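To start, the structure under review is shown below, and the notes come after it.
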Amino acid sequence: MSGAENRIFLLGLDVGSTTSSALLAVARVGSSSLTGRMELESPEVVYRGGPVFTPFAEASIDEAALADLMDSWLRESGVAPRDIFAGGVIVTGLAARRRNASALAALVRGRIGEAVMATAEDPQLESWLAFMGSCGTLSRCHGDTPVINLDIGGGTTNAALGRAGNVERAGCHFIGARHFQFLPGSYRLTAISEFGRALLGSLGIAREVGDDLEPSEREAVIGYYIAALQAIVAGTRSFFDTPIGRRIEQVPFAHGLGERPAVTYSGGVGELVYSIAAGERVPGTTHYGDLGIDLAHAIAATPALARSLHSMVPEQRGRATVYGVALHSTEISGTTLHLPRPRTLPLRDMPIMSRLPLDASLEEMERALGLARTSPRGACVQITATATGQTLGAIAVRELGERLAAALRAVDFPAELPLVVLLEPNAGKALGQYATDWGRLPVNLIVIDEVPLRGAHFVNIGTPRQQVVPISYYGMHEVAADPPSG
């Protein structure tokens with residue numbers, strides 16, 4: 001493939017509690033000199049849209065207004081929707097709690113066709129993406145130094161602990177700037193979220209929409225947020241073992257480090273924190289109609305939270321999530337796929353039913369495939385190496401394929417039901433041939449190799465392009481140990 005032919009476009013969209021933004025990047029498809037895997041090389045941002053205020057209509061996201069925004073971003077980028085290989089839309093914070101948040105993925109898909117989309121509605125994936133978009137490169141450069149990234153936006157704080165570029169822990173708390181909204185330039189309340197009301201109640205503050213939040217009351221609210229952030233950084237779980245603590249803790253975060261981690265920031269509040277640390281001017285009182293500026297000043301003035309503001313500064317200085325979702329939400333396969341029916345793709349929302357080792361027994365395979373055949377849309381099974389860098393020799397591939405074929409026959413796997421096998425080593429085509437008895441076994445089997453396997457509940461698989469297919473995971477239930485291939 002020539003340099004022009006192997007260029008692909010990646011789209012990222014971030015719909016947040018306060019603002020929304022878009023990013024388009026171009027990358028090359030190539031083989032890693034370190035791992036040998038196909039990967040997205042040298043991603044370069046070619047377009048940024050926003051940030052603009054997220055449009056809301058009472059209890060819902062204003063879909064028509066957001067659709068207009070997306071259309072304008074696509075026009076301004078100059079890239080045709082059909083040329084977009086993959087991407088992601090992430091709905092974060094309080095926006096994710098709006099009743100029509102899940103409909104946004106369909107709205108985006110209607111504009112970019114068959115490109116695979118990663119939809120991040122689970123907080124651990126959001127934390128992972130924010131870490132990778134904010135300080136993933138910085139973490140790799142600092143080797144084994146533990147880094148905690150706090151992605152602080154309007155509705156949530158997504159925490160992730162990483163080392164050498166690998167995320168090890170992730171969590172989420174309802175700590176953000178927009179739980180209290182004000183008439184810009186004042187502290188006159190115009191809206192209070194359910195979590196804001198709970199916090200006021202726990203602090204003994206009786207305020208309603210239309211009231212002014214007094215200085216001592218603002219100090220109490222900000223003081224609680226700062227104490228909570230310090231507990232997250234310290235890994236102190238006991239802080240959240242209270243009625244209000246349990247209310248705002250969506251996904252617990254505890255790291256048990258015996259050393260002080262570096263602390264980085266992303267999100268809208270994170271961007272303000274770095275501006276303050278750099279001595280730059282920031283807007284005045286409640287300029288954005290929330291507590292973001294107040295919270296950023298308090299973080300910058302707290303030694304335990306500000307200790308790395310000058311020594312470890314992420315390249316993006318805040319706006320990380322849209323970078324993460326555009327550049328790190330998509331994996332790509334190797335080029336030796338077993339894909340006898342290309343029209344089967346794309347496959348969306350495929351449940352990952354089982355994770356098997358390379359030496360899985362016939363009985364283990366039968367149990368996994370028996371479970372997979374119960375899914376009416378088809379299912380996915382991961383086959384993972386038992387050791388880093390483990391490869392499959394010719395004999396091992398044949399034996400694995402023959403066991404898989406025997407299991408398919410034993411459970412009488414339906415002929416038309418898609419079954420996707422995600423394989424870490426480079427052996428997709430050969431494994432698929434053995435598993436289907438060289439095409440004699442009537443099953444709709446797809447084997448995709450050279451993909452890092454994630455702890456997730458679902459996977460999206462896109463259409464082939466340039467001999468590879470895009471893969472995106474969502475519904476994270478554990479944090480990946482492997483670094484992303486993108």
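Quick look at the numbers
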quantity: Any hit, the stretch 125-146, residues being surrounded by fewer than 24 Cβ atoms within 10 Å (Cβ to Cβ), touching a residue at least 24 places away in the same chain (Cβ under 8 Å) and touching a Gly at 6+ places or on another chain (Cβ under 7 Å); calculated: yes
quantity: Residue match in the stretch 377-389 (condition: surrounded by fewer than 19 Cβ atoms within 10 Å (Cβ to Cβ), aliphatic (A, V, I, L, M), in the same structural domain as ARG355 (by TED's automatic domain parsing) and at pLDDT below 85); calculated: yes
quantity: Test for GLY88: is it of a type in the set (Gly, Ala, Ser), crowded, with 18+ Cβ neighbours inside 10 Å and at pLDDT below 85; calculated: yes
quantity: Hey, GLU76 at pLDDT 85 or above and farther than 24 Å from SER266 by Cα or not; calculated: yes
quantity: Selection count, the stretch 65-85, where residues are surrounded by 13 or more Cβ atoms within 10 Å (Cβ to Cβ), out of contact with any strand residue (DSSP E or B) (no Cβ under 7 Å at 6 or more places or on another chain) and not hydrophobic (A, V, I, L, M, F, W, C); calculated: 2
quantity: All positions within the stretch 45-64 that are without any contact (Cβ under 8 Å) to a residue 12 or more places away in the chain and surrounded by 14 or more Cβ atoms within 10 Å (Cβ to Cβ); calculated: ASP62
quantity: The stretch 240-254, residues that are loosely packed, with under 15 Cβ neighbours inside 10 Å and in a helix (DSSP H, G or I); calculated: PRO243, ARG246
quantity: Matching strands (runs of 3 or more DSSP E) fully within the stretch 155-239 where at least 2 residues are assigned by TED's automatic domain parsing to the domain that holds GLY256 and in contact with a Ser or Thr (Cβ under 9 Å, 6 or more places away or on another chain); calculated: 157-163, 166-173, 180-182
quantity: Tally of residues being basic (Lys, Arg) and at pLDDT 95 or above across the stretch 215-246; calculated: 2
quantity: Residue list for the stretch 255-275, filter: of a type in the set (A, V, I, L, M) and either closer than 21 Å to GLY133 by Cβ or buried (at least 19 other Cβ atoms within 10 Å of the Cβ) (or both); calculated: ALA262, VAL263, VAL269, LEU272, VAL273
quantity: ALA415 vs. criteria touching a helix residue (DSSP H, G or I) at 6+ places or on another chain (Cβ under 6 Å) and farther than 24 Å from ALA86 by Cβ; calculated: no
quantity: Among residues of the stretch 175-204, those that are without any contact (Cβ under 8 Å) to a residue 60 or more places away in the chain, surrounded by fewer than 17 Cβ atoms within 10 Å (Cβ to Cβ) and either within 23 Å of LEU150 (Cα to Cα) or β-branched (Val, Ile, Thr) (or both), counted; calculated: 1
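The values are calculated or read from the model by the stated rules, or taken from the named source; none is laboratory data. On a predicted model such as this, the values are computed, not experimentally measured, just so you know. Neighbour counts are summed over all protein chains in view; Cβ atoms, including those assigned to glycine, are modelled from backbone coordinates with ideal geometry.
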